[in-house]
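Asker: Pasting in a structure now, in structure tokens, and then I'll have a few things to ask.
The values are calculated or read from the model by the stated rules, or taken from the named source; none is laboratory data. Since this is a predicted model, take the numbers as computed values, not measurements. Positions of Cβ are generated from backbone atoms using ideal geometry, with glycine treated the same way; all protein chains shown enter the neighbour counts.
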Amino acid sequence: MAVPISQMWTVATYVIRKKLSGEKKYPLVLMLEPLFRCNLACAGCGKVQYPPHILKKELSPEECFAAVEECGVPMVSIPGGEPLLHKQIVEIVNGLIARKKYIYLCTNALLLKERIHEFTPSKYLTFSVHLDGQREHHDMSVCREGGWDLAVEGIKEAVKRGFRVTPNSTFFDGTDPNMVRAYFDEVMALGVEGIVLSPGYSYDKAPDQQHFLGRAKSRRLFRAILSNRKKSWKFNMSPLFLEFLMGKRNYECTAWGSPAYSIFGWQKPCYLLQDGYTETYKELVETTNWDEYGTGSGNPKCANCMVSCGYEPSAVQHGFGSLSGFIGMAKAFLFSTYKDKGALDLLNNHSTFAAQHDHFVKVESITPATTAQLEETRA
Ligand code: SF4
Ligand code: SF4
């Protein structure tokens, strides 16, 4: 587990305070999108599809601070777009640090080496660098040759200067779990604090819809990736959420736990779907019909979703807000390797299959016997 004790303590006491106060719907992480503009155009991204007049707009530092103060979260994730293209990003980051918020600044790192001197290392600031696997896979994913090399240069510089860095990866259908495990070795050797990962998810606006993962495929993929873990791998995520990805736990969506705020306002119901906007977080919570969302709702837009913005808050609330969750987290710390013979078979069979085919094969295309043995999902 890579999350520093001070951050865990802040989140744990926040969850316990909310539980004691009886508040049912509260946010944990604000997804603050200060702009949608980016210097990449990844195939899976719905943000950069906006028309030019929207891409030119930015939230001001004051608008960012007002959103953070209104919802009162302990953590702020700043995706985009590319936040390093925002003219006042340093002011926004410094203002949030002054408010003692734990910030994950999500960047593709193309500009990280160039701009890193403008930031000051702090326990509150983490650069969350978009890296989708090893060099070839990442460059293909972000549609930019040389993207990996630039990002890695940025990571090395940030680590050298004493910043917290977490590579942040999204894996789509077709990902080779062996490649992902080799990628873990590679990034941990760069000196990063821990890894963040998520299954590919479907934006209505994203142009490449065919490679988003279904739930059953996600669980198979993450079981193969995250079982039989090496001690050197650290994850900057809830261990219960990782177990959820592996198919060991089931959670309902807690979309209000990671609300998204952008130039349009507070997005209903979550970071992924756009069913309208509200002016305040309070209005978002009170006017959204939450029963219409989450996999249990039958809403087809949510049917395959396992993403962290919906399900990691559920895992965090379970972990810090109940005895069973706390015991689950303690077990995850103590028995962190997750030995699993079936998952090894899945890796080995994938290697055999991949050796005979193109490297970019589908996870579900392994041998029928292994598929039957490992099919454990209900989705
Ligand atoms: S780097 Fe991020 S914001 Fe930019 S195009 Fe890629 S996914 Fe979208
Ligand atoms: S299940 Fe996913 S898409 Fe649906 S509301 Fe939750 S986070 Fe959003």
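Asker: For Leu40, state whether it is touching a residue at least 24 places away in the same chain (Cβ under 8 Å) and either among the aromatic types (Phe, Trp, Tyr) or in contact with a His (Cβ under 9 Å, 6 or more places away or on another chain) (or both).
Answerer: For Leu40, the condition - touching a residue at least 24 places away in the same chain (Cβ under 8 Å) and either among the aromatic types (Phe, Trp, Tyr) or in contact with a His (Cβ under 9 Å, 6 or more places away or on another chain) (or both) - is met.
Asker: Something else about it: Keeping to the stretch 162-174, report how many residues are touching a residue at least 40 places away in the same chain (Cβ under 8 Å), under 17 Å from Trp233 (Cβ atoms) and hydroxyl-bearing (Ser, Thr, Tyr).
Answerer: Count: 1.
Asker: Would you pick out the residues in the stretch 2-37 that are outside any loop (DSSP other than H, G, I, E, B), away from ligand 1 (no atom under 16 Å from the Cβ) and aliphatic (A, V, I, L, M)? Break it down into steps so the answer makes sense when it comes.
Answerer: First, pick out the residues of the stretch 2-37 that are outside any loop (DSSP other than H, G, I, E, B): 5-21, 29-32.
Those left that are additionally away from ligand 1 (no atom under 16 Å from the Cβ): 5-21, 29-30.
Ile5, Met8, Val11, Ala12, Val15, Ile16, Leu20, Val29, Leu30, listed by residue number.
Asker: List the number of the failed condition for Leu28; all other conditions in (1) within 16 Å of ligand 2 (Cβ to nearest atom); (2) more than 13 Å from Pro259 (Cα to Cα) hold.
Answerer: Among (1) within 16 Å of ligand 2 (Cβ to nearest atom); (2) more than 13 Å from Pro259 (Cα to Cα), Leu28 violates only (2).
Asker: Next up: When the stretch 272-324 is examined, which residues are found to be within 16 Å of ligand 1 (Cβ to nearest atom) and within 13 Å of Leu240 (Cα to Cα)?
Answerer: Across the stretch 272-324, the qualifying residue is only Ser308.
Asker: Take Leu284 and decide whether it is within 27 Å of Ile54 (Cβ to Cβ), within 13 Å of ligand 2 (Cβ to nearest atom) and in contact (Cβ under 8 Å) with a residue 40 or more places away in the chain.
Answerer: Answer is no for this residue.
Asker: Can you find, within the stretch 252-311, the residue that is surrounded by the fewest Cβ atoms within 10 Å (Cβ to Cβ) among those that are at pLDDT 95 or above, of a type in the set (Ser, Thr, Tyr) and assigned to a helix (DSSP H, G or I)?
Answerer: Here the answer is Thr287.
Asker: I've got another one for you. Among the residues of the stretch 38-57, is any within 15 Å of ligand 1 (Cβ to nearest atom), within 23 Å of the chain's Cα centre (by Cα), basic (Lys, Arg) and not in a helix (DSSP H, G or I)?
Answerer: no
Asker: List the residue pairs whose Cβ atoms are under 6 Å apart, where the first residue sits in the stretch 1-29 and is hydroxyl-bearing (Ser, Thr, Tyr), the second is surrounded by 15 or more Cβ atoms within 10 Å (Cβ to Cβ), and the two are 6 or more positions apart or on different chains.
Answerer: Thr10/Pro74; Tyr14/Pro74; Tyr26/Lys18
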